[in-house]
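As structure tokens, the structure follows; a few thoughts come after it.
The values are calculated or read from the model by the stated rules, or taken from the named source; none is laboratory data. The structure displayed is predicted, hence computed values, not measured ones. So basically every Cβ, Gly included, is an ideal-geometry build from the backbone, and we count neighbours across all protein chains shown.
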Amino acid sequence: MDVPYTEIFLGLLVAYMVYSVWARLDGRIPIGAALVLLVVTAIVDAAGDVDAANSLAEFVFFLLAAGVVLLLVEHLREPPPPVPKSVSVNAPPEGVAPEASEERERAAE
């Protein structure tokens, strides 16, 4: 009996993605896991087991795709940036106390 490792991995990955969206986990986690697995894939390939390396490369692809989807969900979930307030001509620059701008006006006269 042949074990369907790819289907099991995909099922676990989809379950993780659902949990990650629900718990608002960082979307970069699967990408980091893919990079680690990519190094393992290179080691397995260098050891001469090409079939196992090809299977691991599929898992790397699935992890990268999941990471991109999670980052997209994370991006779409962020609120839009606030709209800047209209700046009046007489308002002091941001970070400057109103008293300081009044002193500058008196000094300029």
#### Entry: segment 23-47: number of residues that are under 14 Å from the mean Cα position of the chain (by Cα) and loosely packed, with under 12 Cβ neighbours inside 10 Å
1
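Would you check if residue 47 is under 21 Å from residue 73 (Cα atoms) and without any contact (Cβ under 8 Å) to a residue 12 or more places away in the chain?
Working: under 21 Å from residue 73 (Cα atoms): no; without any contact (Cβ under 8 Å) to a residue 12 or more places away in the chain: yes.
No.
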### Query
How about segment 7-109: which helices (runs of 4 or more DSSP H) wholly inside it have at least 3 residues that are at pLDDT 80 or above, of a type outside the set (Val, Ile, Thr) and touching a strand residue (DSSP E or B) at 6+ places or on another chain (Cβ under 8 Å)?
none
